[in-house]
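As structure tokens, the structure follows; a few thoughts come after it.
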Amino acid sequence: MRDTFVDDRLPPPELLPEFRFDLPGLQYPERLNAAAELLKAGDPQSLAVVNEQGSWTYCDLDDFSGRIARLLVDEHGLIPGNRVLLRGPNGYTMFAAWLGVLKAGGVVVATMPLLRPSEIATVIERAEISHAIVDSRFIGDFRQAVDQTHSVKHIVKYDGDYGKGELETRTASLEPLPAVDTGRDDPCIIAFTSGTTGVPKGCVQFHRDVLAPCDTFAKRLIGPKPGDVFLTSAPMAFTIVCVPPVPGSVFTTSELPAAIWAMTFSCSASASRSRPSVCGVRSSAGTASTGA
């Protein structure tokens, strides 16, 4: 069974852009799951995420994301194509949830932490969100938004990266769910515009679209090497891919913009991905900025 909500709202094929994946590195098989492919990028025992709360390996990230997928599917009835809203700052748990939704065949709808209840409600309504994973520090505004809508059936909270929230407790004893069988052209993300000039618009990305920037922009222009540390302040709603694109690379984040400078030095960051407001801070600290 598959929820075709997103597919049914795409333009007809003749009105879609021409998607060219003719470069050698973009010859993806017809069936693939972006989360599973991204997690293959690192040795299981290599560091994947580092922040003020701790550090986690690729094995940790794979295991936790699989347990989140299990919770969504077995206990909350998620089927492929269901939309799952993620709300919270960058961190290990947010990254694991992002991967877990993709592993379960769901469609991630990440939101900017600064959105107000009415703006969150617009996203919920337009995407017909059925499930949500929310940092407990952001639950108040989210519940206000839910009260204005009708589609959200399941909400799971987590407590940042401190490991003591509902999500962490409920998944602790679960067996990780292997990534479900998805197609390279199956939707996996809806990224909403800010709404500055009108009602926010949902931009759909497919599983292959998640992989392509790693195999083109990151590989060719950044030229990452195993052991490189990538620093980011850009929230997940910027559609940033959450797993480093080469084996052994590490992703470091900070919930507080003021801590970015300190993290640059403490983690020896060699490249960064940022929103414009903090590009100058990190560039002056000596990293190679890839701000957008």
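The table for this structure:
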{"quantity": "The listed residue being without any contact (Cβ under 8 Å) to a residue 60 or more places away in the chain, more than 26 Å from residue 200 (Cβ to Cβ) and of a type in the set (D, E, K, R), out of 74, 60, 43, 8", "calculated": "60"}
{"quantity": "Single residue of 210, 146 found to be over 15 Å from residue 86 (Cα atoms) and not hydroxyl-bearing (Ser, Thr, Tyr)", "calculated": "210"}
{"quantity": "Among residues of the stretch 61-81, those that are touching a helix residue (DSSP H, G or I) at 6+ places or on another chain (Cβ under 8 Å) and not hydrophobic (A, V, I, L, M, F, W, C), counted", "calculated": "7"}
{"quantity": "Residue pairs meeting the criteria (Cβ under 9 Å; at least 6 apart or on separate chains; first in contact (Cβ under 8 Å) with a residue 12 or more places away in the chain and at positive phi, in the stretch 176-205; second of a type in the set (Asp, Glu) and not in a loop (DSSP other than H, G, I, E, B))", "calculated": "195/119"}
{"quantity": "Residues of the stretch 47-65 classified as small (Gly, Ala, Ser), closer than 15 Å to residue 227 by Cβ and surrounded by fewer than 23 Cβ atoms within 10 Å (Cβ to Cβ), total", "calculated": "1"}
{"quantity": "Criterion: without any contact (Cβ under 8 Å) to a residue 40 or more places away in the chain, among the β-branched types (Val, Ile, Thr) and at negative phi - qualifying residue of 133, 120", "calculated": "120"}
{"quantity": "Test set (1) surrounded by 19 or more Cβ atoms within 10 Å (Cβ to Cβ); (2) modelled with pLDDT under 55; (3) out of contact with any Asp or Glu (no Cβ under 8 Å at 6 or more places or on another chain); (4) not aliphatic (A, V, I, L, M) - residue 245 fails condition number", "calculated": "(3)"}
{"quantity": "Test for residue 110: is it at pLDDT 95 or above, surrounded by fewer than 24 Cβ atoms within 10 Å (Cβ to Cβ), over 14 Å from residue 72 (Cβ atoms) and hydrophobic (A, V, I, L, M, F, W, C)", "calculated": "no"}
{"quantity": "Qualifying residues in the stretch 4-35 (those that are in contact with a helix residue (DSSP H, G or I) (Cβ under 9 Å, 6 or more places away or on another chain) and closer than 28 Å to residue 126 by Cα) - the one surrounded by the most Cβ atoms within 10 Å (Cβ to Cβ)", "calculated": "35"}
{"quantity": "Breaking point among (1) within 14 Å of residue 25 (Cβ to Cβ); (2) touching a residue at least 60 places away in the same chain (Cβ under 8 Å), for residue 232", "calculated": "(1)"}
{"quantity": "Qualifying residue in the stretch 85-92 (condition: at pLDDT below 95, of a type in the set (S, T, N, Q) and crowded, with 23+ Cβ neighbours inside 10 Å)", "calculated": "yes"}
{"quantity": "Residue within the stretch 142-154 that is under 17 Å from the mean Cα position of the chain (by Cα) and buried (at least 17 other Cβ atoms within 10 Å of the Cβ) present", "calculated": "no"}
{"quantity": "Residue count, the stretch 9-48 (criterion: among the polar types (S, T, N, Q), modelled with pLDDT of 95 or more and touching a strand residue (DSSP E or B) at 6+ places or on another chain (Cβ under 7 Å))", "calculated": "0"}
{"quantity": "In the stretch 134-157, the residues that are among the aliphatic types (A, V, I, L, M) and either assigned to a helix (DSSP H, G or I) or more than 13 Å from residue 115 (Cβ to Cβ) (or both)", "calculated": "139, 145, 146, 152, 155, 156"}
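The values are calculated or read from the model by the stated rules, or taken from the named source; none is laboratory data. From a predicted model like this one, the values you see are computed outputs, not experimental measurements. We place every Cβ from the backbone using ideal geometry, glycine too, and count neighbours over all the protein chains shown.
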